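Accompanying notes for the structure given below.
The values are calculated or read from the model by the stated rules, or taken from the named source; none is laboratory data. As the structure is a prediction and not an experimental result, all values here were calculated from the model. All Cβ positions, even for glycine, are placed from backbone atoms using ideal geometry, and neighbour counts span all protein chains on display.
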Amino acid sequence: MTGLVIAGGGLSGLSLAAHLAPLPVTVVDDGRRDVAALSWASWADRPGLLDAAVSRRFDRVRVHVGGRTRVLGLGRYRYQVVRGADLLRVVRERVPGCSFVRGHVTEVGAGRVVVDGRELAARWVFDSVAEPPPAQALLSFHGWHVRSERPVFDAAVPTLFDFRTAQLGGASFVYVLPVDAHRALVEHTSFTRSAVDSADAVREYLEDVLGAGDFVVERTEKAVLPLSAREPVRRRGSVLEIGTPGGLVKASTGYAYQRVQRDSAAIAVSLRRHGHPFDLPVPPGRFRLYDAVLLDVVGREPARLEQAFTALFRHGTAEPALRFLDERTSPAQEARLFSAMPAGVYLAALRRRVSGSR
Ligand SMILES: Cc1cc2nc3c(=O)[nH]c(=O)nc-3n(C[C@H](O)[C@H](O)[C@H](O)COP(=O)(O)OP(=O)(O)OC[C@H]3O[C@@H](n4cnc5c(N)ncnc54)[C@H](O)[C@@H]3O)c2cc1C
């Protein structure tokens, strides 16, 4: 019997394999997503096991909300980028006993994973290929990796969000991850109820907001991410859902990288301590409630997203907002962050949530 099988060798599968080392694991992936071509940005205020895969770190971010641009320090945080190719390399180095199987998973059940019709027996199965929880909203991305004629990008400062863009079918902003003065990922992001094509919005941003002059699109990144603030049921017998199906994508931001790292570390601790992977910390439920309320409010009134971000990022550094999004704030700190938001709007959403009405 193979001891540990991970279905899906993307972000969560690879991260878990690394955290479980030196336990031998089998990672099964059918290659539908080219992990080597992906990358994940995140903020971190402490060292991580996979830091050798970090290719870039920033100590400031730019935000454009409420009609003004600000460059904010990150306090104890750093904004960092991990490229899929680097993650693969580091995981292969860390887990020499890991076997990577190329194959399509059709079934994940107690003690078994069916791969291309062949059964793999396993004591514990970690499933990142199951259906994600039902979506309450969608996060629709349309990103271009561009090379511009003019040096319009600030290589030292990513733009977390810039609201100078059409609010296509939902609350929208543009994210810019620079490589150098001429190259960047420029991504239009919308909280929507259905996928939107926002290529025109990315073009407008490059031409009208940045004044990039002529530009070449070297690569396009498009995706629709289901967002859910519900607490997922992660365990099915000897199967634990991880990654997106495990509810690790934060519903109010679409970020998952650091949550996946923390989850992987907790799974490894549980296995070592108890011989099973299910003793996982449950974050206070109020954070899922905040996410659900924000999705409700923004779904009804898209302009509220900019207002909420203006309130959260109003301090001298981005640290209080990032700590809140990391779910590491106290209720008193949250009350201070929320004090600049329109209480009535959020309380009405909270009442709808509690009474179960839409
Ligand atoms: C375009 C985009 C950009 C994102 N950027 C960021 C970011 O910058 N920072 C951040 O924190 N989060 C980001 N996210 C959110 C989240 O971190 C990623 O979606 C992340 O990859 C989720 O990890 P995962 O393991 O659940 O899924 P994946 O990384 O997609 O891994 C799933 C793996 O399973 C494989 N697979 C699927 N079905 C099968 C099957 N039946 N059999 C075998 N293999 C299968 C796929 O090939 C894939 O490799 C982004 C999401 C998207 C879509």
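Count, please, the residues in the stretch 89-110 that happen to be among the hydrophobic types (A, V, I, L, M, F, W, C) and assigned to a strand (DSSP E or B).
4
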Does the stretch 59-74 contain any residue that is within 16 Å of the ligand (Cβ to nearest atom) and within 30 Å of Asp127 (Cβ to Cβ)? no
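For (1) surrounded by 14 or more Cβ atoms within 10 Å (Cβ to Cβ); (2) modelled with pLDDT of 95 or more; (3) of a type in the set (A, V, I, L, M, F, W, C), each residue gets a yes or a no:
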position	(1), (2), (3)
His64	yes, yes, no
Gly67	no, no, no
Arg70	yes, yes, no
Gly73	no, yes, no
Arg78	yes, yes, no
Ala85	yes, yes, yes
Val101	yes, yes, yes
His104	yes, yes, no
Ala110	no, no, yes
When both residues are 6+ apart or on different chains and their Cβ atoms are under 7 Å apart, which pairs have a first residue that lies in the stretch 27-54 and is in the same structural domain as Lys222 (by TED's automatic domain parsing) and of a type in the set (D, E, K, R), and a second that is more than 11 Å from the ligand (Cβ to nearest atom) and modelled with pLDDT of 95 or more? none
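Residue by residue, here is whether (1) outside any strand (DSSP E or B); (2) touching a Ser or Thr at 6+ places or on another chain (Cβ under 6 Å); (3) away from the ligand (no atom under 13 Å from the Cβ) holds:
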| site | (1), (2), (3) |
| --- | --- |
| Gly3 | no, no, yes |
| Ile6 | no, no, no |
| Leu14 | yes, no, no |
| Thr26 | no, yes, no |
| Trp43 | no, no, no |
| Arg56 | no, no, no |
When every residue in the stretch 121-144 that is outside any loop (DSSP other than H, G, I, E, B) and within 12 Å of the ligand (Cβ to nearest atom) is compared, the one surrounded by the fewest Cβ atoms within 10 Å (Cβ to Cβ) is Phe141
